[in-house]
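Encoded as structure tokens, the structure appears first; notes follow it.
The values are calculated or read from the model by the stated rules, or taken from the named source; none is laboratory data. The structure displayed is predicted, hence computed values, not measured ones. Here the Cβ positions follow ideal geometry from the backbone for every residue, glycine too, while neighbour counts run over all protein chains shown. The accessibility values were calculated without ligands, DNA or RNA, using every heavy atom of the protein model including side chains. Shrake-Rupley method; radii C 1.70, N 1.55, O 1.52, S 1.80 Å.
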Amino acid sequence: MTTKSPESKAGGLLLAIILVGQFLAILNVNIVNVATPTIESDLHSSGAGLQMVVAGYTIVYAVLLITGARVGDLFGYRRAFLGGLAVFTVTTLAAGLAPGTGWLVAFRLIQGAGAAMMMPQVMTLIQRNYHGQARGRAIGLWSLVISGGIVVGQALGGILLGLGLGWRILFLVLVPVAVLLLVAGMRVLPSDSGGGKAGLDPAGLVTLSAAVLLLVVPLVLGRDLGWPVWGWLSMGLSVVMFGAFVAIERWVTSRGGRPLVDARVLRAPGMRPGLAILLFGPATWGAFLFVSALHLQGDLHMTPLASGMMMVPCALAFGLVGLAWPRLPMRLQRPLVPVGYVVAAPAYVGLGLAAGGGLSYAIMSALIGAGLGVQVAVTNMATEQVDGAYAADASGALLTVMQLGQVIGVATVGTLFITLQGRSTSASLVSSLAMAGLAVLAGLSALFLARRRTPSTL
């Protein structure tokens, strides 16, 4: 009996479906950012309501990613992907028709849950259905979609609002795409029974969800609320809960159970430095996009569309490097990863010096994108020695760390920029130096990843 090659037409269609689903989920992280003034005027929203419209999706999405990975492991990756996509589609339509702020917030929360169910299955399906060079290309495109979706979200939001059709179009335009994707997915996604034979690990699930929630909520809302005391207490308690989660997972393992995140995944060569890179790299990327939007629209008075277009050189450079990476000789792919961050770090400094915009700003932006383009190789290198049976564990861990990295970058560097903005002409430079520091940390972590030898298996 023969198996279908990953290079076949069906294999390409499978990859297209799951990556477009991933793109829709990432797009919704910040597509509504540019529409908050319009939503406030139309729905008479309070400040807290607007914060939850924007942040509620991110909070639920970050908290439930690992849960979504385990659900796919238990009940099948096809079912979890299509189920998450169905929830996402219905709530996207509902959000576009929401009669008030409360309804919009509720639909955004459920939309985030659907995305969290869908997203982890993408990496798992790639790991289980693609091998060799096909796997490297697929993971490269996976990384490109995650990073590029954020940039496209900002630009697309500005374009759609510029049509004068109101904020509802930001949701409604995505519904036909999601419906077509759901129909195609039902025909193309391979049937499976999942990979997990154990339970959901409820103690680990509750503890980890609480730890992530206690960390993400104050990071997402703290800046707008003036960093209240409860936020600092919440973040401190999250550290305790993360410690409790580690203890529970060890206990589950000692009793012969299946923990939520199996320690064998974290012990796989390359996984730990890969997770460090995927914390610091997305942190500097998220901070860059957030600060750039504030600077270009606030300080330089650009429209949302114009500021989004200023990110195009960065996105193009990121994409070109990511697509070219798998074509490099194998002996060069691994050692060149730290070089990307060596390029990005001084480019961030140059961006701060070119704060007036124009060609120099675009060039620095492109260099940042080219440097961070090496992130498409990191995921493949971090997971190449993880057994397929633990693909869901690896997928959930990677996605959660990447999401936390983006939230941490926006909260820390974004707060630094907002604090200095209006008080000092050096706000852009100081925040750029902070982003350069994050790039250096990612580069140092990449040195450990680059030293790893090409794999055998876990």
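For the range 77-187, the fraction of 1.4 Å probe accessible surface lying on carbon and sulfur atoms is 72 percent.
Less than 5 angstrom separates the built amide H of D387 from those of L458, all sequence-distant by 5 or more or on a different chain.
Per residue, the accessible area of the range 391-435 comes to 32 Å² when a 1.4 Å probe rolls over the protein heavy atoms.
Assign one of three labels to the chain, namely rounded, prolate or oblate, based on the Cα gyration tensor with a ≥ b ≥ c the square roots of its eigenvalues; rounded applies when a/c is under 1.5, prolate when it is not and a/b is larger than b/c, and oblate otherwise. Note, shape of the chain comes out rounded.
Sorting 283-294, 435-446, 218-229 by their mean Cβ neighbour count within 10 Å, with the most densely packed peptide first, gives 283-294, 435-446, 218-229.
For the range 159-176, putting each phi into the Karplus relation 6.51 cos²θ - 1.76 cosθ + 1.60 with θ = phi - 60° gives couplings of 5, 5, 5, x, 6, x, 9, x, 6, 5, 4, 4, 8, 5, 5, 7, 5, x Hz, in residue order, rounded to whole numbers and with x for Gly and Pro. Sorting 179-187, 105-113 by their mean Cβ neighbour count within 10 Å, with the most densely packed peptide first, gives 105-113, 179-187.
Positive contributions from Lys and Arg (+1) and negative ones from Asp and Glu (-1), summed over other residues with Cβ under 15 Å from the Cβ of L328, come out at +4. Shape of the range 103-224 from the C-alpha gyration tensor: oblate (a/c of 1.5 or more and a/b not above b/c, with a ≥ b ≥ c the square roots of its eigenvalues). Only Lys, Arg, Asp and Glu carry charge here, each on its Cβ (+1 for the first two, -1 for the last two); on that basis the chain has a dipole of about 1220 debye about its Cα centre.
The R187 and H301 beta-carbon pair, evaluated with R₀ = 56 Å, returns a calculated FRET efficiency of approximately 0.70. Across the range 12-27, coupling constants 3J(HN,Hα) worked out from phi with the 6.51/-1.76/1.60 Karplus curve, θ = phi - 60°, read x, 5, 4, 4, 4, 5, 5, 6, 5, x, 4, 4, 4, 5, 5, 4 Hz, and Gly and Pro carry x.
Can you classify the range 309-366 as rounded, prolate or oblate using the Cα gyration tensor, where a ≥ b ≥ c are the square roots of its eigenvalues, rounded means a/c under 1.5, and otherwise it's prolate if a/b beats b/c and oblate if not? The shape class here is oblate.
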